[in-house]
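No lab work stands behind these numbers, since they all come straight from the coordinates. What you see is a predicted model, and the numbers here were worked out from it, not measured in a lab. For neighbour counting, all protein chains shown are included, and Cβ atoms are generated from backbone atoms with ideal geometry for every residue, glycine included.
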Amino acid sequence: MLGLMMAEPLRVATIIEHAAKWHSATEIVSRLPEGGIHRYTYADANRRSRQLAQALLKLGIENGDRVGTLAWNTHRHFELYFGVAGIGAVCHTINPRLFPEQLVYIINHAEDRLLFFDLTFLPLVERLAPVCPTVEKWVLLARPEHLPAQSALPGLCSYEELLAAETGDYAWPSFDENTACSLCYTSGTTDQPKGVLYSHRSTLLHALGISLPDSLGCSALDVIMPVVPMFHVNAWGLPYAAPLTGAKLVLPGAGMDSASLYELMETEGVTFSAGVPTIWLALLQFMRDGQRQFRTLRRTVVGGSSCPPALMRAFEDELHVTITHAWGMTETSPLGTAGRLKANQLSLSPEEKADVLAKQGRAVFGVDMKIVGDDGQELPHDGVAFGDLLVRGPWVVREYFRTPTPGELTADGWFRTGDVATIDADGFMQITDRSKDVIKSGGEWISSIDLENLAVSHPAVAEAAVIGVPSARWSERPLLVVVRRPGMDVSREEMLGFFRGKVAKFWEPDAVEFVDALPHTATGKLLKTQLRKDFAGYSVA
Ligand code: ADP
């Protein structure tokens with residue numbers, strides 16, 4: 001027997017409709033890539049998203065067509081999220097930091113019909129256009145006066161002139177909630193990027209999931225600034241969760257440097273933010289250098305890479321900002337786990353609490369997880385046993401877009417994350433490594449993440465990476481690669497000695513090398529494949 005409730009399909013346009021109706025005066029503030037601050041309300045955003053929808057229909061965009069974006073976090077990008085998806089087309093957010101060959105691959109693979117780009121990316125798209133034949137029209141996300149005097153870009157026009165031709169008198173259509181709404185490619189650290197095609201249903205459920213208080217926690221009292229880019233897994237869902245909960249949204253545009261972020265946080269009263277560890281490491285230094293404090297910021301979510309416990313401690317103690325450590329991936333929309341204490345943990349000592357919160361956190365409703373050994377058997381939740389992390393749920397990928405990848409799912413339907421983790425008795429998951437980065441020494445596993453976290457707690461260390469290098473006796477041994485803080489020195493002996501007594505003897509790195517910079521992926525993660533190449537042939541004594 002079926003239930004007798006309204007069969008209202010879950011669609012993302014209902015989020016912006018809700019915000020426009022019930023939080024109509026709440027603001028979206030953006031720093032524009034072409035300069036200046038833009039300020040308007042959810043009611044304005046809904047009207048302009050509908051104008052965009054009308055313009056897209058006029059351009060012949062149909063259900064399922066892909067519309068690409070090369071854009072920063074701004075109100076126009078926000079309108080694209082809703083305008084494109086709202087008509088049943090697919091908003092394909094492209095990471096401009098990828099190599100040009102990867103961008104060409106992605107645009108051609110997705111067969112984007114239109115491409116909307118920020119002024120910053122004009123030189124880039126002029127190089128891409130001749131080798132991206134599916135793109136019929138390139139749209140500059142700016143006013144017409146910013147259009148170049150001359151350009152060979154097919155159909156080039158400005159976003160504002162497209163919108164100006166429409167009334168906004170448009171009703172969002174209804175359709176199956178499993179319709180695709182956005183597309184995001186993984187950063188392809190190991191092979192070609194793969195597309196993850198989100199549906200209206202998965203996106204809406206994920207937005208509800210991240211809004212829960214023990215997950216990222218969003219409310220109408222918040223002023224949310226996603227520092228994670230809107231081309232990086234939909235800014236972790238915050239551009240949906242903010243209008244869904246009625247939070248004010250602050251979009252930092254291309255200004256991802258500490259001074260610009262801090263200025264916007266202070267002037268707009270940001271209470272809650274989110275981004276990868278590198279952003280917060282830089283901001284911490286900036287705050288310390290100027291002996292600054294935040295007026296309103298109280299919480300931030302850190303994920304994408306392991307958050308060093310030293311960073312969490314410094315934010316809490318020096319800046320009175322609580323970091324929530326979260327884990328996820330493009331394939332999980334991205335939120336999988338978030339680290340918030342449970343009632344039984346409130347009586348723990350401050351050090352014990354810090355240890356719990358340094359883990360990647362517990363499963364958010366909507367994502368089930370388990371760890372399995374090499375034989376596929378589930379491992380116990382004792383915080384010690386570690387194995388491959390598997391997940392499943394309504395916002396986890398089932399298959400990649402037009403890229404059959406056998407073996408991604410287990411026979412019984414779990415997605416293999418490629419991460420290795422423990423789960424403790426309270427359900428807190430801790431990533432020990434990516435399966436490709438685990439160091440295997442004498443048959444035992446060494447967590448490169450633990451060693452990196454320890455290394456960056458040394459005052460002279462700005463960034464650190466640990467990779468396995470061949471060893472005749474142990475098969476692999478850890479090599480520590482360190483970037484020193486400007487003006488600070490530390491010797492090899494001191495650096496290696498720093499680990500003594502803090503980790504098991506056999507975990508201590510055998511060697512350390514100092515470098516000026518470490519290689520990163522387009523999403524700011526350590527690019528260990530490159531590091532392994534750089535140190536190929538390295539041998540430890
Ligand atoms: P890609 O897989 O293309 O590099 P993703 O952004 O999807 O890009 O990265 C997902 C991966 O990032 C996870 O599988 C995990 O290895 C790593 N990751 C994400 N969050 C964390 C975290 N909090 N701690 C450790 N690793 C993390």
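Using the crude model of +1 on Lys and Arg Cβ and -1 on Asp and Glu Cβ, and no other charge, please compute the dipole size for region 404-541 relative to its Cα centre, in debye to 20.
Dipole of region 404-541, to the nearest 20 debye: 320 debye.
Tally the DSSP beta bridges in region 246-402 and give the antiparallel ones as a percent, rounded to 5.
60
Counting DSSP beta bridges with both partners in the chain, what percentage is antiparallel, nearest 5?
Bridges in the chain are about 55 percent antiparallel.
Ordered by residue, what ³J(HN,Hα) values in Hz, to whole numbers, does region 85-99 give under the Karplus form 6.51 cos²θ - 1.76 cosθ + 1.60, where θ = phi - 60° and Gly and Pro are x?
Using θ = phi - 60°, the values come out as 5, x, 8, x, 8, 10, 7, 9, 7, 10, 7, x, 7, 5, 5 Hz.
Order the peptides 195-202, 40-47 from the highest to the lowest mean number of other Cβ atoms within 10 Å of their residues.
195-202, 40-47
For a protection proxy built on the mean count of beta-carbon atoms within 10 angstrom, sort 388-394, 516-522, 249-255, 295-301 highest first, please.
Final packing ranking: 249-255, 388-394, 295-301, 516-522.
Enumerate the amide H contacts of residue 439 below 5 Å, restricted to partners 5 or more residues apart or on another chain; note that Pro and chain-start residues carry no placed amide H.
446, 448
Which Cα, out of 55, 90, 45, lies furthest along the positive dipole direction of region 1-109 (beta carbon charges, K/R +1, D/E -1)?
Among 55, 90, 45, the one farthest towards the positive end of the dipole of region 1-109 is 45.
Let's test this: bin the Cα-Cα distances of the chain at 20 Å from zero up to the farthest pair and state each bin's percent.
Reading the bins upward from 0: 21, 55, 22, 1.
Rounded, prolate or oblate: which one fits region 7-132, using the alpha carbon gyration tensor with axes a ≥ b ≥ c (rounded when a/c is under 1.5, else prolate when a/b beats b/c, else oblate)?
Cα axes put region 7-132 in the oblate bin.
I'd like the Karplus ³J(HN,Hα) series for region 474-484: coefficients 6.51, -1.76, 1.60, θ = phi - 60°, whole numbers in Hz, and an x wherever there's a Gly or Pro.
The phi angles translate into 10, 6, 8, 9, x, 10, 9, 10, 10, 9, 7 Hz.
Would region 44-91 count as rounded, prolate or oblate if I go by the C-alpha gyration tensor, calling it rounded below 1.5 in a/c and otherwise prolate when a/b exceeds b/c, oblate otherwise?
oblate
Relative contact order of the chain: what whole-number percent is it, with Cα pairs under 8 angstrom and at least 6 residues apart?
10
Which order, highest average first, do 113-121, 228-236, 136-144 follow once you tally other Cβ atoms within 10 Å for each residue and take the mean per peptide?
Top to bottom by mean Cβ count within 10 Å: 228-236, 113-121, 136-144.
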